[in-house]
Amino acid sequence: MLLGAFGDPGHAFPMIALGHALAARGHDVTVQTWDRWRAPIEAEELTFAAAPEYHVFPSGPEPLDFYEAVVHATRDTLPLVAALEPNVVVADILTLAPALAAEIEGVPCATLIPHVFPEGEPGLPIYSLGARLPRTAAGRAFWRRAGRPLEHGLQLGRAQLNDVRTRLGLPTLDYTHGGTSRELALVATFPQLEYPRSWPSYAHVVGPLMWEPPAADVELPPGDLPLVLVAPSTAQDPSHRMLHAALRGLADAPVRVLATWNRRLPPRSLPVPANARVVDWVSYARTMPLCDVIVCHAGHGTLVRALSSGCAVVACPAIGDMNENAARVAWAGAGVRVPQRFISPRPLRLAVEQALEEPSIRGRARELADWSSAHDTGAAAAALVEELAIRGPMRLGQPTMPTSHVDILGG
């Protein structure tokens, strides 16, 4: 089995978790991703393959746009697929090259979506805006109208992807979201974070797939007051605005604070009040089960780790799908959302107090932790990948009928 993942932790870690689950079931697994994860992947006794890393215009020196880079990356990946002759390929939703190479070689391919399902539906809010599920017919009508201009962008994306496919000798697609496999899409999030909707037959919500590199324990702040972990994104908020605001806002609160700057040096010195301890790195898997509240940017990996640990969440989204994740956790009743414009000491303290004092929030977080304990999400995802390997590749144009439900573990 060949697994291909974008190299950011939020995408690489769920794929490594899937690889671990597949290897535990006796499969020969190769993970293709960025070289920075070579050592931990090999420590999991998985085979590592280096993914082509292109810095596309305008952020890098190569004069490549995204789709031009996809063409190059696919051609670079074809020898790996041909040499491995895998029974199945699983590609991260941001990693098109392994999926296209698999299609060229006639290998069945699944997509791993390491967050909530991004494909829209009339009446649902536009993905990534961070809007809550509408509660009235008027709200649903608003989103139906608001979604119409989005269709132009989706059609443009379809045309660009079809140009890539033509250059690679593949037939064009007559549908949008062509980067998601119609054979199998694994949606690696809590079903409790998904809005009610009709689901395509290829999409399966399997629950979070979580993995992290080994790390040592850290010393906690002394005492027995509630423990608040401040866990910033490793990729966003370069000024550490949220971290500064949380340390200042909770300085005299009746809590203990453990904060990390995640090995991204702050541009200015951090305030460290008497009730806080600030460290360079924290193992979320080892530390979150000891915490009561997690203050974070609502990156999906951090969010689901917190909920799996039974922690209430204060979500302070910075960019992109963080807004969506923050909306979902507030909608699910397991956390408090603080919009970016309100990220300052006083609102953060009020949000932490709300998360600690409202029994329904902490109770809902514990419900999600119980669900996580009761379901082996890695085994569920691995079983679906095995089924695809046995079934073989779908013929282009084979219909995938929408359904009124999704195959969610636990109902």
Inset, instruction - Consider only pairs whose beta carbons are under 8 Å apart and that are at least six residues apart or on different chains; among these, list those whose first residue lies in region 109-128 and is over 20 Å from Glu387 (Cα atoms) and whose second residue is assigned to a loop (DSSP other than H, G, I, E, B) and among the acidic types (Asp, Glu). - result: Val116/Glu194; Phe117/Glu194; Tyr127/Glu119
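If a residue has to be over 20 Å from Ile104 (Cβ atoms) and either acidic (Asp, Glu) or crowded, with 21+ Cβ neighbours inside 10 Å (or both) to count, how many in region 155-169 make the cut? Let's see the steps before the verdict.
Of all residues in region 155-169, those over 20 Å from Ile104 (Cβ atoms) come to 155-157, 159.
Remaining after also requiring either acidic (Asp, Glu) or crowded, with 21+ Cβ neighbours inside 10 Å (or both): none.
Within region 155-169, residues that are over 20 Å from Ile104 (Cβ atoms) and either acidic (Asp, Glu) or crowded, with 21+ Cβ neighbours inside 10 Å (or both) number 0.
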Inset, instruction - Just need a number here: residues in region 230-263 that are under 23 Å from the mean Cα position of the chain (by Cα) and either assigned to a strand (DSSP E or B) or acidic (Asp, Glu) (or both). - result: 5
Inset, instruction - Select, from Arg346, Arg337, the only residue that is buried (at least 21 other Cβ atoms within 10 Å of the Cβ) and either charged (D, E, K, R) or touching a Phe, Trp or Tyr at 6+ places or on another chain (Cβ under 6 Å) (or both). - result: Arg337
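Table: residues versus (1) farther than 25 Å from Ala369 by Cβ; (2) outside any strand (DSSP E or B); (3) touching a residue at least 12 places away in the same chain (Cβ under 8 Å).
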site: Asp163; (1), (2), (3): yes, yes, yes
site: Pro171; (1), (2), (3): yes, yes, yes
site: Thr176; (1), (2), (3): yes, yes, yes
site: Pro208; (1), (2), (3): no, yes, yes
site: Glu212; (1), (2), (3): no, yes, yes
site: Pro222; (1), (2), (3): yes, yes, yes
site: Leu225; (1), (2), (3): no, yes, yes
site: Val228; (1), (2), (3): no, no, yes
Legend entry - Criterion (in the same structural domain as Glu386 (by TED's automatic domain parsing) and either small (Gly, Ala, Ser) or exposed (fewer than 15 other Cβ atoms within 10 Å of the Cβ) (or both)) met by exactly one of Thr180, Thr172, Thr176: Thr172
Inset, instruction - Scan Asp280, Asp292 and give me the residue that is in contact with a helix residue (DSSP H, G or I) (Cβ under 7 Å, 6 or more places away or on another chain) and of a type in the set (D, E, K, R). - result: Asp292
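Test of understanding: among Gly19, Gly7, which residue is free of Cβ contacts under 8 Å to residues at least 60 places away in the same chain and either crowded, with 19+ Cβ neighbours inside 10 Å or β-branched (Val, Ile, Thr) (or both)? Walk me through how you get there before you give the answer.
Details: Gly7 fails: either crowded, with 19+ Cβ neighbours inside 10 Å or β-branched (Val, Ile, Thr) (or both).
The conditions single out Gly19.
Restricting to region 292-336, give me the number of residues that are of a type in the set (Lys, Arg) and part of a strand (DSSP E or B).
Residues of region 292-336 of a type in the set (Lys, Arg): 305, 328.
Next, only the ones that are part of a strand (DSSP E or B) stay: none.
So the count comes out to 0.
Looking for whichever is under 19 Å from Gly301 (Cα atoms), out of contact with any Lys or Arg (no Cβ under 8 Å at 6 or more places or on another chain) and of a type in the set (Asp, Glu) here; the options are Asp237, Asp252. Which one fits?
Working: Asp252 fails: under 19 Å from Gly301 (Cα atoms).
On inspection, the qualifying residue turns out to be Asp237.
Where in region 33-113 are there helices (runs of 4 or more DSSP H), lying fully within it, with 2 or more residues that are at pLDDT 95 or above, assigned by TED's automatic domain parsing to the domain that holds Phe13 and surrounded by 22 or more Cβ atoms within 10 Å (Cβ to Cβ)?
Details: elements: 38-43, 66-84, 96-105.
The qualifying helices (runs of 4 or more DSSP H) are 66-84, 96-105.
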Legend entry - Close pairs (6 angstrom Cβ cut-off, 6 or more residues apart or separate chains): in contact (Cβ under 8 Å) with a residue 24 or more places away in the chain and under 18 Å from Pro222 (Cβ atoms) in region 251-267, among the polar types (S, T, N, Q) and part of a loop (DSSP other than H, G, I, E, B) anywhere: Arg256/Asn275; Val257/Asn275
Legend entry - Single residue of region 205-226 satisfying the filter (in contact with a strand residue (DSSP E or B) (Cβ under 7 Å, 6 or more places away or on another chain) and crowded, with 20+ Cβ neighbours inside 10 Å) that is nearest to Val116 (Cα to Cα): Val205
Inset, instruction - Find all pairs meeting these conditions: Cβ atoms under 7 angstrom apart; at least six residues apart or on different chains; first residue within region 365-388 and within 14 Å of His20 (Cβ to Cβ); second residue modelled with pLDDT of 95 or more and basic (Lys, Arg). - result: Ala382/Arg25
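The values are calculated or read from the model by the stated rules, or taken from the named source; none is laboratory data. Because the structure is predicted, anything quoted here is derived from the model rather than measured. Every residue, glycine as well, gets a Cβ built from its backbone with ideal geometry; the counts of neighbours run over all protein chains shown.
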